[in-house]
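Here's the structure we're looking at; comments come further down.
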Amino acid sequence: MMNRDNDKGRILIKRALIMAAFNFFIMLAIILRLYHLQVYQADRYKTLADRNRISTRILIPHRGRIFDRNNEPLAVNQQNFQALIVAEQTTSIDETLKAFNEIMPLTEGEIDKIKKDLKKNKSFVPIKIKDNLSWEDMAKIQLHSSDLPGIFVDEGLLRHYPYGELTAHILGYVSYVTKDDLKKENDPLLEVPDFRIGRKGLEKTFEKKLRGKGGNLKLEVNAFGRIMQEIQRVDGIAGEDVTLSIDVRLQKKAHELFKDESGAAIVMDVNTGEVISFSSFPSFDPNLFIQGISTKDWEELQKSERNPLSNKAVSGQYSPGSTFKMVVALAALTDNIISTTSTEYCSGKTTLGNHIFHCWKHDGHGRIDLVEAIKHSCDIYFYNISQKLGIDKIYNMADKFGLGKKTGIGLDDERDGLIPNKDWKMKRFGEAWQQGESMISGIGQGYILTTPIQLAKMMAMIANNGVEVEPTFIKQNVLSKAPESLNIQKKYFDTVKAGMYEVVNISGGTAFMSKFDYKGKKMGGKTGTTQVKRISLKERQSGIIKQEDLPWKFRNHALFVGYAPHNNPKYAVVVIVEHGRSGSAVAAPIASKLLLEALKLDDEDIKE
């Protein structure tokens, strides 16, 4: 009996010891855990606790402004009051949005977007609910603040383009950040839901310069997310301002002159490469894109057959037509195919094999020299010298003037154009170049394609006797590098420019009706008309349909390139009117008035 009691006592003691040991290890684990939490991870949990009372926000810097050459603002930042919500500062997003909706109605689409933005972003990131708030709107929000935890009013900035359509194709516009943008760049600013970046034009080109660097703001908030006080503010760095070479006054004139026509117009300083005026027609209002363009507005822009969204000044590719004849003339002069006094006979047509090449003047121009050939834009003269030159020599001269390749002006939608040669055709079609194709190229047609900005560069280099110039939108106080010369004899440029002078200023010249004499300053230039619809032999025999009787899209393109003053060139001009019918009748008058305006503005600036 006693042995049995002893056994029970030993079992109880053993169990008690086990329980004591178990309790000891539990207490030790608790103590160690408390030590780990309160000592080892003290900083971490202090930070987590602070997050419950501290709200950190990214401060968006002021975007750099853009000015024209006379400090006229072209892109600015306008005050914009917004209602924002921070998810971590509200116990129920649905209830908070419901309360806000009773004060200031939201559409279903707006509510869906807000919820999507909240899911996409971190809980401490402010999400826009409503912007462009009036004083009355802000007063309502403040009055009901106790029912709107996590919602606050903040002052933001909204990009604005005061001149709208006048500068759209230069400046482009800003718009919301996309997923692709986030993949390309690691900048916390891009994660701010309402942040916008340059999407087109110079806004995109100078994005990094204009954007600046974000700051941050620490705020103390209470349990309801209400802001108690500002703890710390680190201001960001505002984006840099940019001053352009553009003169907005000349932009206005270009748009007045073009009216409802489609095409492009450029005025450029022949010595510095500064682009003074740059327009593509028709244009669009870039302010439509700032808040997200509506479906209706987008469809209207997309459906227009005149392509207002296309920047024709750098991406429009056109046959240069007779404006290319100066390049052919310089190639023939430098290669001694002709002299400054050489003549060719124009009867109105010439043949190659069984093919007939026609001059625009049915009865021909008779025997003429180079100056007269440029003045009258004689096709036969240039057919003949192009046949002697060959396409490769024409290509080499065109290449020197920058034709058929991007100028690098800084717009990402710029296109190359095309100047063909023998190698190009063999690679492209697997066929040999034909002599007749050289003749067609000699009058700027066939495969040749150029952009208006390339023609502006070409015209500037002819005006300044072959000094290389690079088109730029930035006002040039000092040239970044000394310009180089093409090393073509000046007398050849003098001969070509003498022809261009007669085009405008001597009776019989193709642009004689567009001449001006402003204080002794005159213009030189060259007209061009390029076919969109080929004229068939049957049509020549039965009678060519008048341009005005053709549908708009089948009419000829009208071109003019020029410079002024003739005796001391300062500005080059290019005007292309899509389906404008005639270079002499439509493009030349616009170019003349645009150059004249540039000269008058110079005088006004001197007086001031």
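One Cα centroid belongs to segment 384-402, the other to segment 98-167; the line between them spans 62 Å. Helix 248-258 and the longest principal axis of the C-alpha atoms of the chain enclose an angle of approximately 60°. Computed from the C-beta positions of LYS519 and SER339 and an R0 of 35 Å, the FRET efficiency is 0.50 to the nearest 0.05. Other residues lying with their Cβ under 15 Å from the Cβ of LEU599 contribute a combined charge of +2, Lys and Arg counting +1, Asp and Glu -1.
Near MET397: Cβ cut-off under 13 Å, other residues only, Lys/Arg at +1 and Asp/Glu at -1. The net charge is 0. When each of the peptides 355-362, 202-209, 498-505, 468-475 is scored by the mean number of other C-beta atoms lying within 10 Å of its residues, the order from highest to lowest reads 498-505, 468-475, 202-209, 355-362. Compared with the dominant Cα axis of the chain, that is its longest principal axis, helix 42-53 is turned about 70°.
With Rh defined as the Kirkwood radius, the inverse of the mean 1/r over Cα pairs, the Rg/Rh of segment 55-243 is 0.99. When the alpha-carbon atoms of the chain are used, the pair Rg, Dmax equals 35.8, 150 angstrom. Would you kindly give the portion of the calculated P(r) for segment 334-432 that falls above 24 Å, as a percent of all Cα pairs? It works out to 40 percent of all Cα pairs.
Rounded to whole numbers, the Karplus 3J(HN,Hα) couplings from phi for segment 124-129 are 8, 7, x, 10, 6, 9 Hz, using 6.51 cos²θ - 1.76 cosθ + 1.60 with θ = phi - 60°, and x at Gly and Pro. Working from Cα positions, state the angle (0 to 90°, nearest 10) between the long axis of helix 108-120 and the longest principal axis of the chain. Relative to the chain, helix 108-120 is tipped by roughly 70 degrees. About its Cα centre, the dipole of segment 55-243 is roughly 680 debye, where the only charges are +1 on Lys and Arg Cβ and -1 on Asp and Glu Cβ. Mean residue ellipticity, 222 nm, helices only, the chain: the sum of -39500 (n - 2.57) across DSSP H runs of n ≥ 4, divided by residue count and rounded to 500, is -11500 deg cm²/dmol.
Values quoted throughout were computed directly from the atomic coordinates according to the rules given, and no laboratory measurement underlies them. Note that this is a predicted model, so its numbers are computed, not measured. Every residue, glycine among them, receives a Cβ derived from its backbone with ideal geometry; neighbour counts consider all protein chains shown.
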